[in-house]
1. When the residues of region A:80-103 are filtered to those that are of a type outside the set (A, V, I, L, M, F, W, C) and in contact with a Pro (Cβ under 6 Å, 6 or more places away or on another chain), which remaining residue is farthest from B:Asp256 (Cα to Cα)?
2. State all residues of region B:404-421 that are more than 14 Å from every other protein chain (Cβ to nearest Cβ) and either away from ligand 2 (no atom under 13 Å from the Cβ) or among the polar types (S, T, N, Q) (or both); if no residue qualifies, say none.
3. Can you tell which of A:Cys142, A:Cys103 is touching a Leu at 6+ places or on another chain (Cβ under 9 Å) and not β-branched (Val, Ile, Thr)?
4. For the structure I just gave you, tell me whether A:Pro77 is part of a loop (DSSP other than H, G, I, E, B), within 11 Å of the chain's Cα centre (by Cα) and under 30 Å from B:Ser252 (Cα atoms).
5. I need every pair where a residue in region A:86-97 that is closer than 11 Å to A:Thr136 by Cα has its Cβ under 6 Å from the Cβ of a residue that is within 16 Å of ligand 2 (Cβ to nearest atom), sequence separation at least 6 or different chains.
6. State all residues of region B:115-127 that are within 14 Å of ligand 1 (Cβ to nearest atom) and either of a type in the set (Phe, Trp, Tyr) or outside any helix (DSSP H, G or I) (or both); if no residue qualifies, say none.
7. Within region B:263-356, considering only strands (runs of 3 or more DSSP E) that don't extend past its boundaries, which have at least 1 residues that are buried (at least 20 other Cβ atoms within 10 Å of the Cβ), outside the structural domain of B:Lys100 (by TED's automatic domain parsing) and polar (S, T, N, Q)?
8. Among the helices (runs of 4 or more DSSP H) contained in region B:23-114, which hold 1 or more residues that are within 19 Å of the chain's Cα centre (by Cα) and free of Cβ contacts under 8 Å to residues at least 12 places away in the same chain?
Amino acid sequence: MPFTPTEKLSTEVAELITHYPEGESRSASLMVLHAIQDEAGYISAEAMQWAAAEIGVKPMHLYELVTFYPMLREEPPGKFVLKVCRTLSCAMAGGTELHKNICNKLKLDPNAHGLQTTEDGKFSIEFAECLASCGTGPVMMCNNDFHEAVTEEKSNEILGSCE
Amino acid sequence: MPQEYKLLLKHADADGYSNDLECYERNGGYAALRQALAIAPAGDTTPQAQLRKSVLDSGLRGRGGAGFSCGLKWSFVRHPNPKPVYLICNADESEPGTFKDRQIIYKDPHQLIEGMIISCWANHVNLAYIYIRGEFTEGAKILNTALAEARAKGYLGKNILGSGHDLEIHVHRGAGAYICGEETGLIESLEGKRAYPRIKPPYFPAALGLYMCPTIVNNVETLCNVKHIVEMGAEPFAKLGTPNNTGTRLVSLSGDVKNPGYFEIETGKVTLGELIQNENFGGGLREGRTLQAIIPGGSSSKVLKAGETFKVGETEIDLLDVPYDFDTLMKIGTMSGSGAIIVIDDSRDIVECLANLAEFYAHESCGQCTPCREGSLWMNKALHRMTHGDARAEDADYLKHIAHNIQGRTICAFGEACAWPVLSFVEKFRDEFEAKAK
Ligand SMILES: Cc1cc2nc3c(=O)[nH]c(=O)nc-3n(C[C@H](O)[C@H](O)[C@H](O)COP(=O)(O)O)c2cc1C
Ligand code: SF4
Ligand code: FES
């Protein structure tokens, strides 16, 4: 099935391409992939083909980005994506336990570091590397929102408010 | 009593201060830009050349990690240049332990934008980018809003404030890869490619940067300082801090202290010990705890061990009396890097701390260079094994051996960034590493 962009996405992509000099539209690739993922939650092969044509590159040029940058996804994740910081300052503040507790609560593997999704597709969780909030660890993100100094109680609230 | 000195963070956390243009202007915002644009030519010296000289004279050093003179970096670009000159603000903020640039991006974005506009004017730049880490989704929105406000006011766009200079700034988002912080990796990423760092020489950004054109890459904090240099004048700016370590620094303090957070200090006027123990800063370790180690400049800097003493000049000083600046930290064998201090107390298993960092580097190596790609993985595997009950007597030497085979043999400084923690942890805490095998 070919990818049909929403009007908003088409407009946004056209605008993004103007941010780069004549003949350098390839530069827009990462921003275009973000725009697709922000809307659809992931980047399908069809979406890459569509975007490649808009930008004027080969689909391969986008695929090599999707497989390189950790934030970009080829598969739809859960409705709420939780990223728990794994790196030192957060680990010292309890980040490892935070990840483990949430995984146990969601019946996911507490030892897996990569992305895993609950059966009902509501939550995905993964470890992320230093999220630049190390003074207020442990830190986690729920979709685009940052949460700092996340205690077990606070993590329950965060998960509870996901509807 | 050592105090904070608020120059860049003067407004960010002030009561009632908001991140919109109106508030910024009410607090004197964009006056420095008008001042810069009003500079008259002095004989043969253009206003732009005067500004560049001023930044050089201020002694401003890069705040992104390497501490290289900003004015000197700018001087590598020739003017007039047959190619367009680009400027990129490095807002990737991804060195573990560092959380200072986000304070400005989120709370005082116009300060950065004003610093950038002045820097672009000074370097004949008509198109600039802010490369911001992908997880700062909100930060990117805030910057876009601020850029739109600046555009509407004529600070950006065609003929800014009647100066005859055109300038556009766009936000470009990264997508979760640490290596995008390395300036040539960043440039590749901005060109729409994988962030594979380029080899220097020949790809020095000042000559062959973005689109093979001269490009200036500066950290958020560095560019903000440019605005203050214009506002204060180079000489008064250079009086802040200590000789050759001028101005202020934003310090990110995390780990085992009572009061972690970000602090702005006059560079070199506060010691490591004061940053950790003083009530105005870290407030000391938690009850009953003693210091074990300090990572002084982001995870890539060499670790310091409690009780170490160093010969600085004629005198022998304790680790805690080391002034927090660029030069002294270099003299004692480490670096102030991104200004991020991670404090480790005696309750921590030091091998586990290193294992945590090794996993970071194994995850973030871009994979171009065999020593880095394989070495970072081997170090991570060995450390994982050691912290999971399977250490061997020869592991300490094995780790050092791998690290030695990485540093100096790679395309970019990530090689050093992943080797240095391993080399320094193993050297200074050898007993702890050997004890794992018992
Ligand atoms: C592996 C690696 C990661 C880096 N990450 C960052 C970063 O996140 N932010 C930053 O400003 N500089 C980072 N740097 C330093 C940049 O390469 C570059 O030196 C800096 O942006 C120059 O700006 P400055 O002179 O204003 O410090 C990194 C360097 C390396 C080798
Ligand atoms: S040193 Fe490591 S991160 Fe840098 S280019 Fe080589 S493989 Fe990539
Ligand atoms: S270590 Fe978790 S935000 Fe930096």
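The values are calculated or read from the model by the stated rules, or taken from the named source; none is laboratory data. Since the model is a prediction, treat every value here as computed from it, not as a measurement. Reconstructed Cβ throughout: ideal geometry from the backbone, glycine too, with neighbour counts over all protein chains shown.
1. Going through the qualifying residues, I end up with A:Lys100.
2. Selection gives B:His404, B:Asn405, B:Gln407, B:Thr410.
3. A:Cys142
4. Considered against the rule, which asks whether it is part of a loop (DSSP other than H, G, I, E, B), within 11 Å of the chain's Cα centre (by Cα) and under 30 Å from B:Ser252 (Cα atoms), A:Pro77 comes out as no.
5. Final answer for the pair search is none.
6. Across region B:115-127, the qualifying residue is only B:Asn123.
7. Passing ranges, in order: B:291-295.
8. The helices (runs of 4 or more DSSP H) meeting that bar number zero.
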